[in-house]
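A.B. asks: Input: one structure, supplied below.
The values are calculated or read from the model by the stated rules, or taken from the named source; none is laboratory data. What you see is a predicted model, and the numbers here were worked out from it, not measured in a lab. Don't worry about glycine lacking a Cβ; one is built from the backbone with ideal geometry, like all the others, and counts go over all protein chains shown. Heads up: the accessible areas ignore ligands, DNA and RNA and are worked out on the full protein's heavy atoms, side chains in. Shrake-Rupley method; radii C 1.70, N 1.55, O 1.52, S 1.80 Å.
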Amino acid sequence: MKNKIILSALLCTLIVTGCGANSSSISSSSSSESSVSSLDTSTSSSSSSINTSSEDSSSSSISSVGGNKYEDKYYQIPEGTENFTFGISYSGALIDYAVDKIIITGVEDTFSFSFVDIFSATSTAYSSNEEVMKLEKISETSYKVIALHEGNTVITIYDENGLDRYSQIVSVRDPMTKERMEDYLSEVEYWQSTAGFGDTYRLTFFFDNEVGVEGSLQNVPFESYTGKFKFLEETIDEYRYVFTDDNSKESEAKLTQFNVSKAGDYMYLFFSAGLAAILQPNTAIK
């Protein structure tokens, strides 16, 4: 089943005007330093590949990665919910939500915002399902967010006049185990870069910790190769692996490491100089 997950905010500031939550890449771990502004944007929640109903999440190998069957109340969202922003600049976790990044249970984060057209002394943010994701107010324009339970919720921000300025469906999922992740890597047909610095990468994982690498550097294809990798460490929301043999080091690509989300929806790919690209899965084999 194909999972098209759009990812954005590569360690940089995003400015969005006339676009909805459909950004094209995923934010990095430093997204709290980035900000996004929008004057009037609107997209239907039905167009988001990971903002699924309970029926969709049970049929998707990515959205149901935890393998748990929860009651519908954890997945239900208010009828007619749409993803949109209006006259708001935001940073932190809100960037991840706007690009449909799946949030792992147990993750705590913060976000802040301001309105580009008015000063609002009393703004408010809500989570439609606080059993899934809880918000704790830090100030009038900043909140702490805690992912509590697998499911879906809607994050909404209102200004002091009660005008809806930000609305976004957010998916929270339990993490894959390390053993499940290593199977999942090879179940995906291939991982394709969605953002980079003029370079493209496609990774195909095999059994026995082998990975095939192909792509291009500055639009010039490099010689494909097969390399080995091994587990390095884990964080609360990622598993991290390093390339171990000389094959990768002999290539122009010189890949050194990749970090994959415990939800299986994105992968950071590194080479010796730093971040090379962000990849997303093509087709997961059920």
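A.B. asks: Enter the accessible area of LYS254 (Å², nearest 10), with the probe set to 1.4 Å and all protein chains included.
C.D. replies: The value for LYS254 is about 100 Å².
A.B. asks: Two decimals is fine: what is log10 I(q)/I(0) at q = 0.12, 0.13, 0.24, 0.31 Å⁻¹ for the stretch 130-181, from a Debye sum with one equal scatterer on every Cα and no solvent?
C.D. replies: -0.37, -0.42, -0.99, -1.19
A.B. asks: Determine the share of the stretch 151-282's accessible area contributed by carbon and sulfur atoms, expressed in whole percent, with a 1.4 angstrom probe.
C.D. replies: Values: 2530 of 5400 Å².
That share works out to 47 percent.
A.B. asks: Per-residue counts of other Cβ atoms within 10 Å, averaged by peptide: what ranking do you get for 115-123, 256-264, 203-211, highest first?
C.D. replies: Listed from highest to lowest mean packing, they are 256-264, 203-211, 115-123.
A.B. asks: Moving on. What distance in nm lies between label points placed 7 Å from Cα along the C-beta direction at GLU179 and ASN209?
C.D. replies: Simple spin-label model gives 1.7 nm for this pair.
A.B. asks: Find the accessible area per residue for the stretch 104-252; the probe is 1.4 Å, ligands and nucleic acids are left out, and the unit is Å².
C.D. replies: In whole numbers, the stretch 104-252 has 47 Å² accessible per residue.
A.B. asks: Quick query: amide H of VAL188 versus all other amide H atoms, modeled in the peptide plane; which residues come in under 5 Å with a sequence gap of 5 or more or a different chain?
C.D. replies: For VAL188, the qualifying residues are ILE285.
A.B. asks: If I model a spin label as a point 7 Å beyond the Cα along the Cα-Cβ vector, how far apart are those points for ASP245 and LYS73 in nm?
C.D. replies: 5.3 nm
A.B. asks: Turning to a different aspect of this structure: Evaluate Rg over Rh across the stretch 71-144, taking Cα atoms for both radii and Kirkwood's formula for Rh. Mind dumping the intermediate values first?
C.D. replies: Working: Rg = 13.3 Å, Rh = 13.8 Å.
Radius of gyration relative to Kirkwood radius: 0.96.
A.B. asks: May I pose another question? Any idea how far the Cα center of the stretch 70-130 sits from the one of the stretch 157-179, in Å?
C.D. replies: 4 Å
A.B. asks: Related question: Please report, in Å, the Rg and the Dmax of the stretch 73-215, where both are computed over Cα atoms only.
C.D. replies: Cα-based Rg and Dmax for the stretch 73-215 come out at 18.6, 59 Å.
A.B. asks: Amide H to amide H, which residues 5 or more places from VAL107 or on other chains are under 5 Å from it, using H placed in the peptide plane?
C.D. replies: The answer is ALA147.
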